[in-house]
1. Might you let me know whether the range 28-43 holds any residue that is exposed (fewer than 13 other Cβ atoms within 10 Å of the Cβ), assigned to a helix (DSSP H, G or I), modelled with pLDDT of 65 or more and within 12 Å of the ligand (Cβ to nearest atom)?
2. From the list Gly125, Gly158, Gly147, Gly140, which one is within 13 Å of the ligand (Cβ to nearest atom) and either surrounded by fewer than 17 Cβ atoms within 10 Å (Cβ to Cβ) or hydroxyl-bearing (Ser, Thr, Tyr) (or both)?
3. So the check is Cβ under 8 Å with 6+ separation or different chains; which pairs have a first residue in the range 185-196 that's under 17 Å from Ser169 (Cβ atoms) and charged (D, E, K, R) and a second one that's at pLDDT 95 or above and surrounded by 15 or more Cβ atoms within 10 Å (Cβ to Cβ)?
4. Of all the residues that make up the range 78-103, how many are more than 16 Å from the ligand (Cβ to nearest atom) and either modelled with pLDDT of 95 or more or not aliphatic (A, V, I, L, M) (or both)?
5. Taking the range 161-178, which residues are touching a helix residue (DSSP H, G or I) at 6+ places or on another chain (Cβ under 7 Å) and of a type in the set (Gly, Ala, Ser)?
6. Going by what's in this entry, would Lys106 be described as surrounded by fewer than 17 Cβ atoms within 10 Å (Cβ to Cβ) and at pLDDT 95 or above?
7. Looking at the range 111-122, is at least one residue farther than 22 Å from Ser169 by Cβ and either in a loop (DSSP other than H, G, I, E, B) or within 17 Å of the chain's Cα centre (by Cα) (or both)?
8. What single numbered condition from (1) within 15 Å of the ligand (Cβ to nearest atom); (2) in a helix (DSSP H, G or I) fails to hold for Asp70?
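The values are calculated or read from the model by the stated rules, or taken from the named source; none is laboratory data. Everything numeric in this text was worked out from a predicted model, so none of it was measured. For neighbour counting, all protein chains shown are included, and Cβ atoms are generated from backbone atoms with ideal geometry for every residue, glycine included.
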Amino acid sequence: MTVTVDDPPNGKEKDAEKKEEEEQEICSASEHHDKFVPQDYLEGSFDWTEVCKWIANIEATMETPQQMQDKARSKMRAVLEVNVHETPVVRNVAWKVDDSIQVPAKFQVVTTVFCLEYSCETLEGYMRAVKSACSLIEDGGYLIQGGVLEATTYSFGGTRFKCHYLKKSHIIESLKQNGMAHENEHFKFITHDEIFLLVSKKVGSK
Ligand SMILES: C[S@@+](CC[C@H](N)C(=O)[O-])C[C@H]1O[C@@H](n2cnc3c(N)ncnc32)[C@H](O)[C@@H]1O
C-alpha cells in the first residue's frame, strides 16, 4: 500500500483507473514477499517528504519533513526480516544500528498495517499470519493491526495481488485463539470504508 497525496479522481479518471486495474495481471503476494524491504526507509532511497507533510497536517506539528525523518530514523534500532508463514517468524536481522544491539525474542508492541490478510489468500493462512505476529508480543503487550475488510485483491508498487477476503469475525476469532483481547477496555476497533485499525492487548499467555 502506498500513501499518496493527490486530488481525488474525477469520473473519467475513476473509469480509467478501474480499466487499468481490470487489465492488470493479478499475482500471488507470497511469490513477491522478498522484494519488499523496509531498509529503503533507512537508506533514504524513497522520498518521504509528501508523507511527512500529510502526517504533519493531521498532527499539527511544526516539524519539517526532514526533521520528522531524521527523528524517526534515529530511533530505529534494527530491521528484521519476518515471514509470518514460516518458523521461526523472524528469519534474519537485515540491519542493526550497531553490533551491541540484542534483538529481543518478544516485543511490547507489534504493528502491522496492510500485511496480514495481504500475505495470504485463505482463512487458514490468515490465522497462521496472526498467530505468528502475536507470537512476537510479550504478555501485556499490544498488537496494532490495520487492514482492509472484504477485499479479494490489492495494488502495491504497480502490481495487483490476491489477498484473503477478511471478515471482522475472522479478526475476532484470530485474536481469541492467540490470547489477545477482543472485547472490553483492552480492545479498540475503528473502521471506516472497509479500512480498519485495531489495538488489542495480550491478556493470555500464548
Ligand atoms: C501492501 S504492503 C504494505 C506495506 C506497508 N505496511 C504499507 O502500509 O504501505 C504488504 C506488506 O506485506 C508484507 N508481507 C507479505 N507477505 C508477508 C509474509 N509472509 N510475512 C511478512 N510480511 C509479509 C510485504 O513485505 C509488504 O511489506
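1. yes
2. On the way: Gly125 fails: either surrounded by fewer than 17 Cβ atoms within 10 Å (Cβ to Cβ) or hydroxyl-bearing (Ser, Thr, Tyr) (or both); Gly147 fails: either surrounded by fewer than 17 Cβ atoms within 10 Å (Cβ to Cβ) or hydroxyl-bearing (Ser, Thr, Tyr) (or both); Gly140 fails: within 13 Å of the ligand (Cβ to nearest atom).
Being within 13 Å of the ligand (Cβ to nearest atom) and either surrounded by fewer than 17 Cβ atoms within 10 Å (Cβ to Cβ) or hydroxyl-bearing (Ser, Thr, Tyr) (or both) holds for just one of Gly125, Gly158, Gly147, Gly140, which is Gly158.
3. Glu194/Val148; Glu194/Leu149; Glu194/Ala151
4. Residues meeting the conditions: 5.
5. If the condition is that a residue be touching a helix residue (DSSP H, G or I) at 6+ places or on another chain (Cβ under 7 Å) and of a type in the set (Gly, Ala, Ser), then Ser174 is the only one that fits.
6. Values: surrounded by fewer than 17 Cβ atoms within 10 Å (Cβ to Cβ): yes; at pLDDT 95 or above: yes.
Taking the combined requirement at face value, the residue satisfies it.
7. First, the residues of the range 111-122 that are farther than 22 Å from Ser169 by Cβ: 111.
With the extra rule that they be either in a loop (DSSP other than H, G, I, E, B) or within 17 Å of the chain's Cα centre (by Cα) (or both), the set shrinks to 111.
Within the range 111-122, one or more residues are farther than 22 Å from Ser169 by Cβ and either in a loop (DSSP other than H, G, I, E, B) or within 17 Å of the chain's Cα centre (by Cα) (or both).
8. Of everything listed in (1) within 15 Å of the ligand (Cβ to nearest atom); (2) in a helix (DSSP H, G or I), Asp70 misses just condition (1).
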